[in-house]
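The values are calculated or read from the model by the stated rules, or taken from the named source; none is laboratory data. Because the structure is predicted, anything quoted here is derived from the model rather than measured. So basically every Cβ, Gly included, is an ideal-geometry build from the backbone, and we count neighbours across all protein chains shown.
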Amino acid sequence: MEKFVVETSPNLEGSLRVSGAKNSVLIIMAASLLAEGECVIEDVPDLLDVHVMIDLLRSLGSEVNYDAQKEQLRTRVMDATITDASYELTNRMRASIVVMGPLLARRKRANVALPGGCPIGARPIDLHLKGFRRLGVNVEIGHGSVEGVFEDHMIGNNIYLDFPSVGATENILMAATLAKGTTTIENAAQEPEITDLASFLTKMGAKISGAGTSTIRITGVERLVGVRHQVIPDRIEAGTYMIAAAITKSKIFIDNVVPTHLRPLISKLEEAGVIVTPQANGLVVDALEGYTGVDITTLPYPGFPTDLQAQFMVMLTVCEGLHTVRETIFENRFMYVNELMRMGAKIRIDGSSAMVKGVSHLEGAQVRSTDLRAGSALILAGLVATGTTEISEIYHIDRGFVSIEKKLQGIGANIRRVSI
Ligand code: EPZ
């Protein structure tokens, strides 16, 4: 086991580079199951979740080679007859459910063990299954897994998503690429990761229009071929470091950022008085003059991302005034608040809203990472708390942030990884 030990770290400076997006690369790796021939994926971050997906692809008959130095992953389907994804693997990462769409499309059957519980919410998959049924798949849930099967072909259809679910949009989009006829996904998720997936599938030969909008149209084709693709930068990792600059009242350059993917956060930071200046391939965040508090509500893209909710909350704990954080995406994404309150934060939870009363400073304490993004928020808290903060259960953080302590050390933060 390991922990992070964080000391007060005012005045960060310098630059750091953002890695490829976790929530894009996992889906693109799943989409490689659709391809005949080799896929070469660039900017693949060396994350725990990437290694889980590598194990899953191998268990499904793919040959996978990952070069962590080059951040390049090469994968080729060698056996397209395997249709069962085991509980041992799907339980290690909820996103495993997105192999179901590609397996159905290419192998006409998929049997995926249902993942276990998750700290931030129930994470149902009803919208994924509604989409598959609308495409003519016979879907059954039983004995802890979900099985989809059909004869001949999936048939394109109109699908309306009750909620713009990212995973459901991705799963249905991938399934529809090889269906007979045209599929329309209405109320689709519009996250940049959807657009990146559609770009990969289009290169493979899929016929897709409207990705990145609320209506996506797919015309089925006969086959898809392996291609090379570079994953988009991780907007959540970038946003986390932007907030690190704000909370420490620093000025840093963040490299490998697509500013338009971060409009919701940039807008809120500017409202708070932070200066954000897009550059050639990144952006400068300047909070030397400090910042004031603002309210946020998480929403589907292009609203404020739920994956930056915890990090932004930390910003509000140490600025004057009373501010509100509303979480509308997940039903249990305030668990980390108890850890922040142990550091002296003044927060009151009322259902899906948190009222934050700014305090003069946080106090270092021993805290634990309750989930991936909350863990990164506790690091941010440690950067501004007086004294030492020790964060345990940091494997959560390693799932989604490449060498977070090295990147922060590179801009002057006093953080180290310690074995316990
Ligand atoms: C993706 O999860 C991301 N994960 C999440 O990032 C992110 O927080 C989330 O999208 C929202 O942006 C990956 O891309 C691997 P959803 P996903 O389906 O696809 C409800 C991180 O930290 N819902 O958009 O699971 C669901 O309960 C992770 O990187 C249904 O009701 O998100 C939730 O309340 C955390 N039925 C809401 O929709 C369904 O069939 C959003 O879920 C599916 C979802």
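Any residue at all in the range 53-65 that's under 24 Å from R368 (Cα atoms) and buried (at least 18 other Cβ atoms within 10 Å of the Cβ)? The answer is no, given that none of the residues of the range 53-65 is under 24 Å from R368 (Cα atoms) and buried (at least 18 other Cβ atoms within 10 Å of the Cβ). Looking only at the range 179-238, how many residues end up being assigned to a helix (DSSP H, G or I), over 19 Å from the mean Cα position of the chain (by Cα) and crowded, with 24+ Cβ neighbours inside 10 Å? Qualifying residue count, the range 179-238: 1. The residue list E237, E222, E191 contains one member that is within 16 Å of the ligand (Cβ to nearest atom), farther than 30 Å from S9 by Cα and modelled with pLDDT of 95 or more, which is E191. Within the range 123-148, if we keep just the residues that are surrounded by 15 or more Cβ atoms within 10 Å (Cβ to Cβ) and of a type in the set (A, V, I, L, M, F, W, C), the residue that is nearest to T169 (Cα to Cα) turns out to be L127.
For L173, indicate whether it is part of a helix (DSSP H, G or I), within 16 Å of the ligand (Cβ to nearest atom) and more than 27 Å from E88 (Cβ to Cβ). Yes: the conditions hold for L173.
Put simply, of A280, A272 the only residue that is free of Cβ contacts under 8 Å to residues at least 12 places away in the same chain, of a type in the set (A, V, I, L, M, F, W, C) and out of contact with any strand residue (DSSP E or B) (no Cβ under 6 Å at 6 or more places or on another chain) is A280.
Cβ-Cβ distances below 9 Å connect the following pairs, each with a first residue in the range 7-25 that is of a type in the set (S, T, N, Q), a second residue that is modelled with pLDDT under 95 and within 16 Å of the ligand (Cβ to nearest atom), and a separation of six or more residues or different chains: N23/A95; N23/G400. Could you list, in sequence order, the residues of the range 107-126 that are over 19 Å from the mean Cα position of the chain (by Cα) and of a type outside the set (D, E, K, R)? Across the range 107-126, the qualifying residues are A110, N111, V112, A113, L114. Scanning the range 111-170 for residues that are farther than 19 Å from Y87 by Cβ, near the ligand (Cβ under 7 Å from one of its atoms) and free of Cβ contacts under 8 Å to residues at least 12 places away in the same chain returns a single hit, D126.
Restricting the search to the range 307-328, which residues are under 21 Å from P192 (Cα atoms) and either crowded, with 20+ Cβ neighbours inside 10 Å or at pLDDT below 95 (or both)? If the condition is that a residue be under 21 Å from P192 (Cα atoms) and either crowded, with 20+ Cβ neighbours inside 10 Å or at pLDDT below 95 (or both), then D307, L308, Q309, A310, Q311, F312, E327 are the ones that fit. Taken together, the residues in the range 53-85 that are under 18 Å from Q230 (Cβ atoms) and among the small types (G, A, S) amount to 1. The residues on offer are L34, L47, L57, and the sole one that is under 23 Å from A198 (Cβ atoms) and within 12 Å of the ligand (Cβ to nearest atom) is L47.
Counting only helices (runs of 4 or more DSSP H) that fall entirely inside the range 303-419 and contain at least 2 residues that are within 16 Å of the ligand (Cβ to nearest atom), the qualifying elements are 309-317, 372-384, 395-398.
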